[in-house]
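**Student:** I am attaching a structure below and will ask some questions about it afterwards.
The values are calculated or read from the model by the stated rules, or taken from the named source; none is laboratory data. Worth saying up front: this structure is predicted, and the values here are computed from it rather than measured. All Cβ positions, glycine included, derive from the backbone under ideal geometry; neighbour counts span all protein chains shown. Areas reflect the complete protein model, heavy atoms only, side chains present, ligands, DNA and RNA absent. Shrake-Rupley method; radii C 1.70, N 1.55, O 1.52, S 1.80 Å.
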Amino acid sequence: MLRFLLLSVLATLVLAEEKPELRFLENVVERVVGGEIAKAHSWPWQISLQYLSGGTYYHTCGGTLIKRQWVLTAAHCVDKQRTWRVVLGDHDIYTQEGTEQYLSVSNVYIHSNWNPNSVAGGYDIALLRLSTVATLNTYVQLASLPPSGQILPNNNPCYITGWGRTQTGGQLSAKLKQASLPVVDYSTCSSSSWWGSTVKNTMVCAGGGSLSGCNGDSGGPLNCQVSGRYVVHGVTSFVSSLGCNTPKKPTVFTRVSAYTAWINGIIG
């Protein structure tokens, strides 16, 4: 039996399953294949999720500002007890640029069906309530979310964003990066030569060819072009342990449009 190898900054879980090996994106060490530095503040809903350790905050995951007091991220990013904060309006995470807003997290809402021992079961989604409301400006804006149930067609253009590592064993990229990842439709992504039954219809796949999903952070957005604007259709969840640009193993995201009712039930 093959094993899932689920590695995160916060925890390591080794599970026995009859599935392809996968891992969370924040521990992938080659994360910028096919990527580029994003234009500063061109993704103004992108946030840096940071945890407190030894008096210092460290970036661990991405996320999306969906309301002035709410952030959407992955469940596996926040399923451990930590002191969290969210940084808005950031571009270079190692430099104070004067555009940042630092907001503490007052509550974490993880989907009740999330099981860290079965990431392929889905439900890798969480909401963070911020202690104070964000100030919207040129650098900080709300993301657009898709209508409930919306499914994008194969090859729909999308971008993954985040502060990925720049080389094997290297530091996080100082500046926000982006990579173009086209959607892979469910029938293709769930076929036996791709991800098979590991992928559920509550997920969305993107990439899987020469382009890489290594550019982003777990919990960060999949920004997709729909009717002339960008809409956040995915929450970055996992990649193949064989490498994040492995053919026929695209990056897998929680499909936001599958959880509209859950999101609305929490944020009102």
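**Student:** Within the set of pairs 6 or more residues apart or between chains, which connect a residue that is over 11 Å from His59 (Cβ atoms) and of a type in the set (A, V, I, L, M) inside the stretch 145-174 to a residue that is part of a loop (DSSP other than H, G, I, E, B) and at pLDDT below 65 with Cβ atoms less than 8 Å apart?
**Tutor:** So the pair list comes out as Ile160/Gly213; Ile160/Asn215.
**Student:** Here is a further query. Kindly provide the set of residues from the stretch 224-256 that are of a type outside the set (Val, Ile, Thr), under 14 Å from the mean Cα position of the chain (by Cα) and at pLDDT 95 or above, ordered by number.
**Tutor:** Passing the criteria: Cys224, His233, Gly234, Phe253, Arg255.
**Student:** Sticking with this structure for a sec: Being part of a loop (DSSP other than H, G, I, E, B) and open to solvent by less than 10 Å² (accessible area, probe 1.4 Å) is the filter here, so list the residues in the stretch 245-258 that pass it.
**Tutor:** Result: Pro250, single match.
**Student:** Taking the condition in contact (Cβ under 8 Å) with a residue 40 or more places away in the chain, aliphatic (A, V, I, L, M) and surrounded by 14 or more Cβ atoms within 10 Å (Cβ to Cβ), does Leu127 pass?
**Tutor:** The answer is yes for Leu127.
**Student:** Any residue in the stretch 74-92 that's open to solvent by less than 10 Å² (accessible area, probe 1.4 Å): show its pairings with residues that are polar (S, T, N, Q) and modelled with pLDDT under 95 at Cβ separation under 6 Å, as long as the two are six or more apart or on different chains.
**Tutor:** Final answer for the pair search is Ala74/Ser218; Ala74/Ser237; Cys77/Ser218.
**Student:** Okay, next question. If a residue counts only when it is within 28 Å of Val204 (Cα to Cα) and either of a type in the set (Ser, Thr, Tyr) or modelled with pLDDT under 95 (or both), which strands (runs of 3 or more DSSP E) contained entirely in the stretch 52-125 have at least 3 such residues?
**Tutor:** Passing ranges, in order: 56-67.
**Student:** Can you tell me which residues in the stretch 20-51 are open to solvent by 60 Å² or more (accessible area, probe 1.4 Å) and at pLDDT 65 or above?
**Tutor:** Matches in the stretch 20-51: Glu21, Glu36, Ile37, Lys39.
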